[in-house]
Structure formats: C-alpha cells, structure tokens
Amino acid sequence: MAEAIGDGDRQRHATGRRPEQTGTALVDPPRSTSNARGDGAVQAFPGCRPIHVPRSQIADYEGRFEYWDADTEIAWTAREPTSAYHELPGQRLARLTERIAAVRGAQIESYGSGDLLVRDGAGERHRIMQADQVLYLHPGKGRTLGHSIEVGHDDLPDVVLEVDLTTDVRPRKMGLYREWGFGELWVEVPDNRAPSRPNRKPGLTIRILGAAGYEEVPVSRAFPTWTAREIHAALNEKALSASTVAALRRVGRLLGERGGTVTDDDPLMQVEREQSRRAGVQEGVERGTEIGVAKGIEIGVAKVRLELVAEALAARDIATSEKLDAFADVVGRMPVRDLMRLALVCRDEADFLRRIEPSPGDT
C-alpha cells in the first residue's frame, strides 16, 4: 500500500472543516480544501499524515486511522507511533465505567476504537471515523450493533472519547461529530504530554451538542454530576484515589435512581455483597459466642466467690441476704484472699459490703 498519494488521478484533495467559536458554542464554517500531502497548507487533521487506502481494501484494512473518505481514498493516520499514553485513557475509561455500572446495577458497554461509518446511497462505505472510546449507557435497549456503528442506522453512543496526545480533533473531527449528530464528546489531553506537543495544556473538555453546535460544559450530561475535572483526574491517576471512588459511587447511584436499578441488580455485586453479609453474620456469631463464654466464666467466678463469702460469714454467725448478690460484679473482680480477710474482720453484712466498695465518705 502506498505511503503517500501517487501521481495522476491519485492526486486528489481532502476537504477539511475548521470549527469557529460563537459565544460558548462551536459551529462548522463552510468547507475549505487543503492539499492531501499537507505541503504548504494547513492539514485537515493536525498530527496526522495521509495514506492511500482504496475503496476495495478499506473493509480489510487493519491499521488505525482518524478518518477515511471514499471520495479521496485517503486515510488520515497519526503521524507519530501510537503510545501507551494515548491508549491508556480509553482503556481506563472503560474500567471506570464498569465500576459505575456495578454500583448502578445495570451494564454500560464500551466499544473501544470501532468504526463510525457513513454509507452512501448505494450502501457502500463512504466515510469512516475512529474514536478512542465509545460508551453506551443502555446497550440492551437499542439496535444490536454489527461490525461498525452506522450513522443514520444504529443508535449513536451516549459518549465519545477522543484522546488528543499528538493530534487535535478541533479543526476537522469535531465538525464531523457535529454533522453526524453525536450528542456528547469528551476530549482528553493526558498529563503525560507528547514531546512533539509540550505546550498543550492537559485536561478534559466535555462538549454537548445543541442547536448551534457543540457547547463546552463543566459536567457530563450522560453521567450525572461527573465533572470534567474529576474525569480527567480519574483517567490519569495510577491507582484509584478516595475522591475518584466517591465520584464513581455517586454517579452510579444517581444513574440507578434514574433507571430504577440498585447495586444488587448487578449479578457479580449481588454475590459479593451476599458473601459479605454472610461473613458479617458469621463474624457476629463468633464474636458473640466469644463474649458469651467470657461473660459466662465471669458470672461463674463471681458465683463461686459469693458462696465462699457467705460460708465465711455464716461460720461467724453473720446472716446474709439478697443484698450480697447485688455485689456479684465487685466480688467477682476481687482476689479471694482479700474477700476472706474482710469476711473475718467485718461486724455484719452491711459492714462487709461497705468495706468491699466504700462510699466516698467512709474511712
């Protein structure tokens, strides 16, 4: 396959659309053309290079690309090799939303970088774009997807993620997403910036499609209360922080409230929570048994010592009553030798009780 566009009838032009800002909304201006080679002109897809992929080969093409157009047979691919820093955000988003789905009690489907396809009137592939991650919040309710997500035929995803490490979605891809009707677009610039773009500010932007185009907002519409700042932090941290866990639980519960589901509706979470409940009950039984045995021993010791005291007092012809039983805790804690000494010197039962637990005024 040719690396660049050949001579003659292969020298075609790729069209590009640069979004312009009006207030807080992003809209598409009329199309302008740029040389497919990018020679002496602004490229339609910054950070990309054009390669020729014929119509007859695009269905079997296994490489990654940002965009392909049947009119030009040009695929725009990332100029720099794909790195782990580019792939991580999409993979992490899939794992994060799995945790949200578990709390919610209903599945969230992530399809990775599959083809977003537009067919022509004859049903042939006309334009193809690839995102870095697409998310469906209600995968079981829509039409079953085939090998591609077909615009105008399939339900569009609730969220599309684009990772701008060495590329920039704004000049062209954002206009295509708007044209095709994708409702929520996330653009992530990772903290680990590419050497070729050291001045690109890291962060995540959320754009919601409205009548005037894409409007940048601070909070996701698909994932209630999940902010751009929280999402960016979660996509870039090496291990889940307490704040990210709290955000995932919060969003999952709110989605569950909207859809009428709870955590126990998730089969895995139901088993895990049931096992935790059983473990808690078993621990409670074991702890209760342990406390009960200890208490039983304590009661038994106190009873034996009360009997010894009663016998010692009886030997001195000192009568005892139920009052002695009320001091079982005190008698149970005192050494037997001290109890016997007090039983031999006391005048009567009341004097004995006063001696084992004297009042503040007693001497």
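For a quick check of your reading of the model, give me the residue pairs whose first member lies in segment 221-233 and is of a type in the set (D, E, K, R), whose second is not in a loop (DSSP other than H, G, I, E, B), with beta-carbon atoms closer than 6 Å and at least 6 apart or on different chains.
From segment 221-233, the pairs are 221/184; 221/208; 230/247.
Among the residues that make up segment 56-65, is at least one of them at pLDDT 90 or above, out of contact with any Phe, Trp or Tyr (no Cβ under 8 Å at 6 or more places or on another chain), open to solvent by 20 Å² or more (accessible area, probe 1.4 Å) and on the phi > 0 side of the Ramachandran plot?
Checking segment 56-65: not a single residue is at pLDDT 90 or above, out of contact with any Phe, Trp or Tyr (no Cβ under 8 Å at 6 or more places or on another chain), open to solvent by 20 Å² or more (accessible area, probe 1.4 Å) and on the phi > 0 side of the Ramachandran plot.
Taking strands (runs of 3 or more DSSP E) that do not extend beyond segment 74-139, which have at least 1 residues that are closer than 24 Å to residue 222 by Cβ? Step through it out loud before you land on a result.
Details: elements: 74-78, 115-119, 125-130, 133-136.
Hits in segment 74-139: 115-119, 125-130, 133-136.
Evaluate the following for residue 304: is it under 50 Å from the mean Cα position of the chain (by Cα), surrounded by 10 or more Cβ atoms within 10 Å (Cβ to Cβ), at pLDDT 80 or above and part of a helix (DSSP H, G or I)?
Criteria not met by residue 304.
Of everything in segment 140-180, what is at pLDDT 90 or above, farther than 16 Å from residue 126 by Cβ, assigned to a loop (DSSP other than H, G, I, E, B) and open to solvent by 20 Å² or more (accessible area, probe 1.4 Å)? Give them in sequence order.
155, 156, 158
Among (1) open to solvent by 100 Å² or more (accessible area, probe 1.4 Å); (2) in contact with an Asp or Glu (Cβ under 7 Å, 6 or more places away or on another chain); (3) of a type in the set (Val, Ile, Thr), where does residue 297 come up short?
With (1) open to solvent by 100 Å² or more (accessible area, probe 1.4 Å); (2) in contact with an Asp or Glu (Cβ under 7 Å, 6 or more places away or on another chain); (3) of a type in the set (Val, Ile, Thr) applied to residue 297, the lone miss is (2).
From the list 47, 90, which one is modelled with pLDDT under 90 and either buried (at least 20 other Cβ atoms within 10 Å of the Cβ) or more than 30 Å from residue 248 (Cβ to Cβ) (or both)?
Numbers: 90 fails: modelled with pLDDT under 90.
On inspection, the qualifying residue turns out to be 47.
May I ask you to list the residues in segment 241-266 that are surrounded by 14 or more Cβ atoms within 10 Å (Cβ to Cβ) and not in a helix (DSSP H, G or I)?
Scanning segment 241-266 gives 261, 262, 266.
For the subset of segment 105-139 comprising residues that are in contact (Cβ under 8 Å) with a residue 60 or more places away in the chain and aliphatic (A, V, I, L, M), which member is surrounded by the fewest Cβ atoms within 10 Å (Cβ to Cβ)?
So, considering only residues that are in contact (Cβ under 8 Å) with a residue 60 or more places away in the chain and aliphatic (A, V, I, L, M), the one surrounded by the fewest Cβ atoms within 10 Å (Cβ to Cβ) is 118.
The values are calculated or read from the model by the stated rules, or taken from the named source; none is laboratory data. Since the structure is predicted, the reported quantities are computational estimates derived from the model, not experimental observations. Neighbour counts are summed over all protein chains in view; Cβ atoms, including those assigned to glycine, are modelled from backbone coordinates with ideal geometry. Accessible surface areas use protein heavy atoms only, side chains included; no ligands, DNA or RNA. Shrake-Rupley method; radii C 1.70, N 1.55, O 1.52, S 1.80 Å.
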